[in-house]
Amino acid sequence: MPLLEVKNLKTHFFSDDAITKAVDGVSYNVEAGETVALVGESGCGKSVSSLSVMQLIPQPPGKIVDGEIIFGGQNLLELDREAMRRKRGREIAMIFQEPMTSLNPVISIETQLTEAMTLQLGITPKEAHTRAVELLDRVGIPEPDVRIKQYPHVFSGGMRQRVMVAMALSCEPKLIIADEPTTALDVTIQAQILDLMQDLAKERDMALLIITHNLGVVARYADRINIMYAGRIIERGTCKDIFADPRHPYTLGLLESIPRLDQPKGSKLIPIQGQPPNLSDLPPGCSFQPRCRFAQDKCSVEYPDITDLRNNHSSACWEVNNFKAIVESGVSK
Amino acid sequence: MRGYILRRLLLLIPNVFILATSIFFLMRVVPGDAAIALNLTGDGTILSWEAVEQTRENLGLNDPIWIQYGRWMGNMLKGDLGYSPLRQLNVSEIILAKAEVTFLLAFLAVIWGVLFSIPLGIIAALKRGSWIDQLIRTFSVGGLSVPNFWLGILILLMLVHWFKWSPPIFQTDFLDDPLNQMKRLIWPSVAIGISFAAIATRLIRSTMLEVLNQDYVRTARAKGLHRNRVILRHAAPNAILPVLTLSSLLFAGLLGGAVVLENLFALPGMGQQIVNAIGTRDTVLVQGIVVTLGVLVMLWNLVIDLLYVVVDPRIKLD
Ligand SMILES: Nc1ncnc2c1ncn2[C@@H]1O[C@H](COP(=O)(O)OP(=O)(O)OP(=O)(O)O)[C@@H](O)[C@H]1O
Ligand SMILES: [Mg+2]
């Protein structure tokens, strides 16, 4: 049984004149101890789908209208508020995109680190302090016993994200959701933080759900990848499946738009044409069809179900089975 | 920290100088002087113009204006606010005896404002759009539009009419008899504080709504903290910081309110004195009171700036 099983999740935002279907039928699994990536363009609903798992969607305007989120055999959507609160931090922790604003400016690092531990683990403030210093040391903060007394504003972005990692680890959760944890950081720091998270997760046998818009970033870390487009998962598979045998034109587009070591030197990067669709006014049929090089008549009529090819490599494209042939024949709009 | 306070206190000097100069020349524009009041008979007629002229000569009111100005400023530098010929007392003695009531009124008004506005503003933000929010917003619009002297009259009438209350006439001060002093000051300070409470409630409501959308509040919830802790420990302190600034901006206005309400509630403060002093053209006393009120406002601002350092770790003084 997977640790986390999201089934047909639908989270919509309601405003006076429109319904934004930010997440519209998303399903994915995370097994205990593995690293899974959720990849897609900006605005495709990645954050909303992860916040839905934590039930931190601003409500109103947001609402989880359908689906199941099964964690450790329990449907989180059926829990009452108190039971859900006890899961947060303790069993599922989250790291956010913006290290500069994710820590409270008027509360010391120490309090921000220890308050969850004393509450969720029931340990004394003194024990929590000792643990917090150890954690800061582990995530690579120099002089942790001094820095723990300080406030967030004296930490750089990278350091703050390390504090966030320490905070996420502090209650030994089974799953850490990292929502674009490195997007706001510069490239060298990005790799350091991701390496750190990966090491810590493996060390403690925690599962990691990494959310990113950069397929290149997760190639090194993820066991499995879910590609998301306009509120749905359109392809999923192992890292190898996705990179070596993509079965969806959007995935292909993503791969063509990042530099790769396994391609001949000098091969061109091709950006995906067109704009991401408006989630409150989706095109008929497949959402990707207006931007798709291989679109056929059928594509603008009906949305293809996500179908399994083999070993959990699945894609939601009508041409999933002879995708390779189509790409090679170069059929183009 | 000590260096900063010292620098701020030194800055008081030019500020007080400008204030003192302005009020000095302003008072010279007002027609009439203390010599007339000193030579009035019981029924309000002037004894004789010769006597008035003689008094002017004695008080130095016939000297050129620059000489008068220099004399007053010179005395102030020595810490002497002058002598009131009408009351036959040193101005500083009069002010020392009266400053407490005025300051306490304004200070209590801030306290009421804070005590009302923090819970109301936070509740309004949390219950945004509900009838409670509507009610609180109605209160704050009402509090803003009602002048404090009118509210004072209303409170006074209600107290007298329904509770058979009468304004206490005994004299006391806070150190001798804090309880009775507070009893005297509660209602007038509420009347002054309502407008501050109204503005602060609106401010807290809107900053709270903003703060609740901040990433760090989401982080606090993601940690599994209790809702109350998220609101009171993580959101509220950030939302009420601007009220400190508001209190330093509005403190002068609150002192002004105290001046009016003292007269209404028969409280022996600087407000009563200044009204009296203006009526009798006791210029030296008016000048002394205005300078004192000015210094109170400036000191209050300093205290608020220091408080900021205590509550907001991002702010450094030096
Ligand atoms: N609080 C909200 N109110 C209304 N709509 C929202 C809200 N939050 C998200 N949305 C909508 O949901 C859609 C998906 O947003 P989401 O933040 O999940 O995107 P994302 O994939 O995480 O993008 P990014 O890479 O930029 O973080 C957006 O198009 C947005 O319009
Ligand atoms: Mg996002």
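The values are calculated or read from the model by the stated rules, or taken from the named source; none is laboratory data. Given the structure is predicted, the values throughout are model-derived calculations rather than measurements. Neighbour counts are summed over all protein chains in view; Cβ atoms, including those assigned to glycine, are modelled from backbone coordinates with ideal geometry.
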task: List the number of the failed condition for A:ARG81; all other conditions in (1) within 16 Å of ligand 1 (Cβ to nearest atom); (2) among the charged types (D, E, K, R); (3) under 29 Å from B:ILE240 (Cβ atoms) hold.
output: (1)
query: Within the range A:124-137, is there a residue that is buried (at least 16 other Cβ atoms within 10 Å of the Cβ) and not in a helix (DSSP H, G or I)?
result: no
message: Among the residues of the range A:238-287, what is the count of those that are crowded, with 16+ Cβ neighbours inside 10 Å and assigned to a helix (DSSP H, G or I)?
response: 12
field: Listing of helices (runs of 4 or more DSSP H) fully contained in the range B:147-248 that carry 2 or more residues being among the β-branched types (Val, Ile, Thr) and in contact with a Leu (Cβ under 7 Å, 6 or more places away or on another chain)
entry: B:178-212
task: For the range A:87-108, enumerate the residues that are of a type in the set (Asp, Glu) and more than 13 Å from ligand 2 (Cβ to nearest atom).
output: A:GLU91
- prompt: In the range B:236-275, what residues are closer than 17 Å to B:ILE23 by Cβ and without any contact (Cβ under 8 Å) to a residue 40 or more places away in the chain?
  reply: B:GLY256, B:ILE274, B:VAL275
message: Of the residues B:ALA266, B:ALA258, only one is more than 14 Å from chain A (Cβ to nearest Cβ) and at pLDDT below 85; which?
response: B:ALA266
- line: By residue number, the members of the range A:82-111 that are part of a helix (DSSP H, G or I) and more than 8 Å from chain B (Cβ to nearest Cβ) are A:GLU82, A:ALA83, A:MET84, A:PRO99, A:MET100, A:ILE109, A:GLU110, A:THR111
- line: Here the qualifying pairs (Cβ atoms under 7 Å; residues six or more apart or on different chains; first in the range B:208-227 and at the interface with chain A (Cβ under 7 Å from one of its Cβ atoms); second of a type in the set (Ser, Thr, Tyr) and buried (at least 17 other Cβ atoms within 10 Å of the Cβ)) come out as B:GLN214/A:THR101; B:ASP215/A:THR101; B:ASP215/A:SER102; B:TYR216/A:THR101; B:TYR216/A:SER102; B:THR219/A:SER102
query: Give me the pairs: first residue in the range A:35-48 and within 14 Å of chain B (Cβ to nearest Cβ), second residue more than 6 Å from ligand 1 (Cβ to nearest atom) and among the β-branched types (Val, Ile, Thr), beta-carbon distance under 9 Å, and six or more apart or on different chains, which are they?
result: A:SER47/A:ILE211; A:VAL48/A:THR11; A:VAL48/A:VAL23; A:VAL48/A:ILE57
field: A:GLY62 being within 14 Å of chain B (Cβ to nearest Cβ), within 7 Å of ligand 1 (Cβ to nearest atom) and at pLDDT below 95
entry: yes
- prompt: Within the range A:44-81, can you find the residues that are part of a helix (DSSP H, G or I), over 15 Å from B:ALA220 (Cβ atoms) and within 16 Å of ligand 2 (Cβ to nearest atom)?
  reply: A:LYS46, A:SER47, A:VAL48, A:SER49, A:SER50, A:SER52, A:VAL53
query: Which is under 11 Å from the mean Cα position of the chain (by Cα) and either among the polar types (S, T, N, Q) or under 25 Å from B:LEU38 (Cα atoms) (or both), of B:GLY288, B:GLY271, B:GLY256?
result: B:GLY271
